[in-house]
Amino acid sequence: MSCRSIELSEAMAMRQKGLDSIVFFEDARKAAEEAYAKNPLDAENLTRWGGALFELSQFQNDPDIVKYVEDSISKLEEALEVVPRKHDALWCLGNAHTSLAFYTPDLEMAKTYFAKATQCFEQALEEDPRNELYLKSLDLSFRAPELHLEFHRQMTSQQASQGASSSPNAKSLLN
């Protein structure tokens with residue numbers, strides 16, 4: 001089997017995994033929406049719904065990504081209105097705020113989302129102090145503004161280089 005065949009096979013497997021994830025989380029979203037109609041005060045269901053929306057955001061195009069994340073935040077906040085100390089909802093909400101911050105090019109505005117994320121991770125950790133995932137999320141949230149700056153710097157640089165490569169160069173003008 002050639003390297004090209006292996007790469008193609010791996011790409012197809014990854015694509016199938018992505019499609020499987022979309023179907024899984026879309027089904028979870030629909031089930032949560034139906035359950036909500038029967039019991040809008042089910043914090044567990046609201047957390048599942050918010051989590052499904054957050055996961056689905058990763059498969060959306062640019063304009064829809066933020067909408068899915070914002071919808072996720074809304075459902076998670078609704079869950080926390082029912083059960084204010086629900087640690088898994090707090091952790092998911094922290095992730096959603098972090099994601100929203102990275103989709104926000106303005107660093108000062110992003111910092112407000114990072115601060116909300118940090119607060120959520122701290123509260124989740126207070127409720128479940130032995131949860132290493134919550135601790136890692138909190139640690140990462142302290143570095144998030146620096147990572148945001150680097151991410152957007154690289155994106156700007158990449159866009160500039162793509163713009164330069166798509167503009168006609170001197171050699172193509174001579175031909």
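Suppose the filter is modelled with pLDDT of 90 or more, surrounded by 10 or more Cβ atoms within 10 Å (Cβ to Cβ) and over 24 Å from residue 104 (Cα atoms); does residue 135 pass it?
Spelling it out, residue 135 is indeed modelled with pLDDT of 90 or more, surrounded by 10 or more Cβ atoms within 10 Å (Cβ to Cβ) and over 24 Å from residue 104 (Cα atoms).
Output the number of the condition that residue 19 fails; it satisfies all remaining conditions of (1) modelled with pLDDT under 95; (2) open to solvent by 50 Å² or more (accessible area, probe 1.4 Å); (3) closer than 25 Å to residue 128 by Cβ. Condition (3) is where residue 19 drops out. When the stretch 29-48 is filtered for residues that are more than 14 Å from residue 76 (Cβ to Cβ) and either aromatic (Phe, Trp, Tyr) or outside any helix (DSSP H, G or I) (or both), the ones remaining, listed by number, are 39, 40, 41.
I'm checking my understanding of the structure. Among residues of the stretch 32-62 that are aliphatic (A, V, I, L, M) and surrounded by 14 or more Cβ atoms within 10 Å (Cβ to Cβ), which one is nearest to residue 84 (Cα to Cα)?
Step one: list which residues in the stretch 32-62 are aliphatic (A, V, I, L, M), which gives 32, 35, 37, 41, 43, 46, 52-53, 56.
Going one step further and asking which of them are surrounded by 14 or more Cβ atoms within 10 Å (Cβ to Cβ), we end up with 32, 35, 43, 46, 52-53, 56.
On the way: 32: 20, 35: 20, 43: 9, 46: 13, 52: 20, 53: 20, 56: 25 Å.
Across the stretch 32-62, the extreme among qualifying residues is 43.
Residues of the stretch 97-128 that are of a type in the set (D, E, K, R) and part of a helix (DSSP H, G or I): 108, 111, 116, 122, 126, 127. If only residues of the stretch 63-72 that are without any contact (Cβ under 8 Å) to a residue 24 or more places away in the chain, charged (D, E, K, R) and open to solvent by 60 Å² or more (accessible area, probe 1.4 Å) are counted, the one that is farthest from residue 99 (Cα to Cα) is 64. Looking only at the stretch 51-72, residues that are more than 9 Å from the chain's Cα centre (by Cα) and not in a helix (DSSP H, G or I) come to 3 in all.
Within the stretch 78-96, how many residues turn out to be surrounded by fewer than 18 Cβ atoms within 10 Å (Cβ to Cβ) and assigned to a helix (DSSP H, G or I)?
Taking the stretch 78-96 and keeping what is surrounded by fewer than 18 Cβ atoms within 10 Å (Cβ to Cβ), we get 81-85.
Now restrict to residues that are assigned to a helix (DSSP H, G or I): 81-82.
Residues that pass the stated criteria total 2.
Checked against the criteria, residue 75 does not count as of a type outside the set (Val, Ile, Thr), in a helix (DSSP H, G or I), open to solvent by 60 Å² or more (accessible area, probe 1.4 Å) and at pLDDT 95 or above. When you scan the stretch 56-78, do you find a residue that is touching a Lys or Arg at 6+ places or on another chain (Cβ under 7 Å) and not aliphatic (A, V, I, L, M), even just one? No, the stretch 56-78 contains no residue that is touching a Lys or Arg at 6+ places or on another chain (Cβ under 7 Å) and not aliphatic (A, V, I, L, M).
Taking the stated definitions as given, is residue 104 surrounded by 15 or more Cβ atoms within 10 Å (Cβ to Cβ) and of a type in the set (S, T, N, Q)?
yes
Number of residues in the stretch 107-130 that are open to solvent by less than 60 Å² (accessible area, probe 1.4 Å) and among the polar types (S, T, N, Q): the value is 1.
Taking the criterion of being aromatic (Phe, Trp, Tyr) and modelled with pLDDT of 95 or more, the residues of the stretch 34-64 that qualify are 36, 49, 54.
Of all the listed residues (110, 117, 124), the sole one being in contact with a helix residue (DSSP H, G or I) (Cβ under 9 Å, 6 or more places away or on another chain) and farther than 12 Å from residue 91 by Cα is 110.
The values are calculated or read from the model by the stated rules, or taken from the named source; none is laboratory data. Being a predicted model, the structure only gives us computed values, none of them experimental. Cβ sites come from the backbone with ideal geometry, for glycine too, and all protein chains shown count toward neighbours. Quick note on the areas: whole protein, heavy atoms, side chains included, nothing else; ligands and nucleic acids left out. Shrake-Rupley method; radii C 1.70, N 1.55, O 1.52, S 1.80 Å.
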